[in-house]
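As structure tokens, the structure follows; a few thoughts come after it.
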Amino acid sequence: MTVVVPLLYIVAFGLFILGLSGLTGPRTAVRGNKVAAVGMVVAVVATLLTVRHNWLLILVGLVIGGALGVPSARRVRMTAMPQMVALFNGVGGGAVALIAWSEFRTTDAFAGEPLYVVIASLFGAIVGSVSFWGSLVAFGKLQEILPGRPLGLGRAQQVVNLLLLAGAAACATSAAIGGAELWMIGLLVLAAVLGVMVVLPIGGADMPVVISLLNALTGLSAAAAGLALGNTAMIVAGMIVGASGTILTNLMATAMNRSIPAIVAGGFGGTSTAPSVEGAADRQVTATTAADAAIRMAYASQVIVVPGYGMAVAQAQHAVKDMASLLEERGVEVKYAIHPVAGRMPGHMNVLLAEADVPYDALREMDEINDEFPRTDVALVIGANDVTNPAARTDPGSPIHGMPILDVDRSRSVIVLKRSMNSGFAGIDNPLFYAPNTVMLFGDAKSSVMEVTEELKAL
């Protein structure tokens, strides 16, 4: 057994890395997930081989976890996938916090444990608790149980957060030197409040980055727990998640032209500043019809579809694919412009379009598609507000000034599909809607696209 378990762990690590490498492209993403899942099964089996008691308790935990997780994952709609990801991230951090508490109790306040075990356990408890409660807040904002706007204490927010962190560290120190269990409970409570207070002031526009950051924190806490428990699988898996999550968080923050400390400081997004159509006397929008939109696209050489959260909410991806197929039959080249932070989680639009069997080579990232817009006849924007806002380039006073965007306003014509003139998740008005080359097709995105498709068939 002393040889079998390490060998199984090595196999699991290899499968983790192979699976992660598969996630670098849409063609291999499904296979990568399956490979990584097999790796996790191998790691669980290897760990169970080292267990000498509590089999019944472990079995009960596996059954309950499977009964809750599998149906939830199978039934969740794509529009709710960001919330599901936030919850899954949080559960990992919460598990680490509970493991640290259990270790504190079973070792009689870490009596006789090496210093690195004590430090790793307490670090995992703090970070895991922050990740769990922060993820619950992120879930609440994404599910609209909590307001998407920043909810904070203004200038005092960071002072309060620092005091909470200092308090958690003080409790950890007291617990490490053999204090009562009350110190450990105090650590978990203060870290929980810190997790809530860190995420509450963060506005809706930053939620994709927050989800990625919380994922990284969960990975780090799992690695720390693995170090404390002497479990190699937890160390390696946690470091992979922590490192990849950190890299992704940095890439997404760069895509928004915002620093991670600025995002954590909060205060951006979630408040509506968009005027109504009636109130915009100096900036009138031009409404259009499905028939007009169909004619514009039918006689275009190139159409670029720009998907956003509005497409996800309407579940319009299959309708968009059907419309694009009709256009391609007429000789129109159709491409899809994907912004790194479109939607509510990393890769949200890619997942939706892949579900509708949109060809992978038609999906273009922002850097490679932006040069195409000036020679594009029609840009079809489906619920993508903030990532198409030209104020990011032209208005130094805008909160998103400097954020890289999709340059749809440089297309010859733009058709925007929206339910109303409400702003996007960032709560910022979009001058694109009032541009002379833009027309608005109001209504549910799926219904509007289906109407356009019917008009195309009639041409």
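Residue by residue through segment 108-127, note down the ones that are touching a residue at least 40 places away in the same chain (Cβ under 8 Å) and either over 18 Å from Asn231 (Cβ atoms) or not assigned by TED's automatic domain parsing to the domain that holds Leu229 (or both). Ala109, Ala111, Ile126 - these are the residues of segment 108-127 that are touching a residue at least 40 places away in the same chain (Cβ under 8 Å) and either over 18 Å from Asn231 (Cβ atoms) or not assigned by TED's automatic domain parsing to the domain that holds Leu229 (or both). Scanning segment 161-178 for residues that are assigned to a helix (DSSP H, G or I) and touching a residue at least 60 places away in the same chain (Cβ under 8 Å), we see that the one that is surrounded by the fewest Cβ atoms within 10 Å (Cβ to Cβ) is Ala176. Within segment 66-80, residues that are surrounded by 11 or more Cβ atoms within 10 Å (Cβ to Cβ) reach partners that are of a type in the set (D, E, K, R) with beta carbons closer than 7 Å, at six or more positions or on different chains, in the pairs Met78/Glu355.
Ala223 meets the conditions (1) crowded, with 21+ Cβ neighbours inside 10 Å; (2) within 14 Å of Ile126 (Cα to Cα); (3) touching a Leu at 6+ places or on another chain (Cβ under 6 Å) in every case but one. The failed one is (3).
Screening the candidates Ala97, Ala86, Ala46 for the property of being closer than 29 Å to Gly308 by Cβ and crowded, with 17+ Cβ neighbours inside 10 Å yields one hit, Ala86.
I'd like to check something: does segment 86-107 contain any residue that is without any contact (Cβ under 8 Å) to a residue 40 or more places away in the chain, in a loop (DSSP other than H, G, I, E, B) and among the polar types (S, T, N, Q)? Yes: segment 86-107 contains one or more residues that are without any contact (Cβ under 8 Å) to a residue 40 or more places away in the chain, in a loop (DSSP other than H, G, I, E, B) and among the polar types (S, T, N, Q).
Within segment 1-45, how many residues turn out to be polar (S, T, N, Q) and closer than 16 Å to Ile240 by Cβ?
3
Among the helices (runs of 4 or more DSSP H) confined wholly to segment 321-432, which include 2 or more residues that are among the aliphatic types (A, V, I, L, M) and buried (at least 20 other Cβ atoms within 10 Å of the Cβ)? Where helices (runs of 4 or more DSSP H) fall fully within segment 321-432 and carry at least 2 residues being among the aliphatic types (A, V, I, L, M) and buried (at least 20 other Cβ atoms within 10 Å of the Cβ), they are 348-355, 391-394. Can you run down the residue pairs with Cβ atoms below 8 Å, 6 or more apart or on separate chains, where the first is in segment 217-230 and in contact (Cβ under 8 Å) with a residue 60 or more places away in the chain and closer than 20 Å to Trp133 by Cβ and the partner is outside any helix (DSSP H, G or I) and not aliphatic (A, V, I, L, M)? Listed pairs, sorted by first residue: Ala225/Asn231.
Of the residues in segment 242-260, at least one is of a type in the set (D, E, K, R), assigned by TED's automatic domain parsing to the domain that holds Gly148, farther than 21 Å from Leu87 by Cβ and crowded, with 17+ Cβ neighbours inside 10 Å.
Considering only residues in segment 8-21 that are more than 12 Å from Ala43 (Cβ to Cβ) and among the hydrophobic types (A, V, I, L, M, F, W, C), the one that is surrounded by the most Cβ atoms within 10 Å (Cβ to Cβ) turns out to be Leu20. List pairs: first residue in segment 136-147 and under 18 Å from Val209 (Cβ atoms), second residue basic (Lys, Arg) anywhere in the structure, Cβ distance under 8 angstrom, at least six positions apart or on different chains. From segment 136-147, the pairs are Leu142/Arg344.
The values are calculated or read from the model by the stated rules, or taken from the named source; none is laboratory data. Computed from a predicted model, the values in this text were never measured in an experiment. All Cβ positions, even for glycine, are placed from backbone atoms using ideal geometry, and neighbour counts span all protein chains on display.
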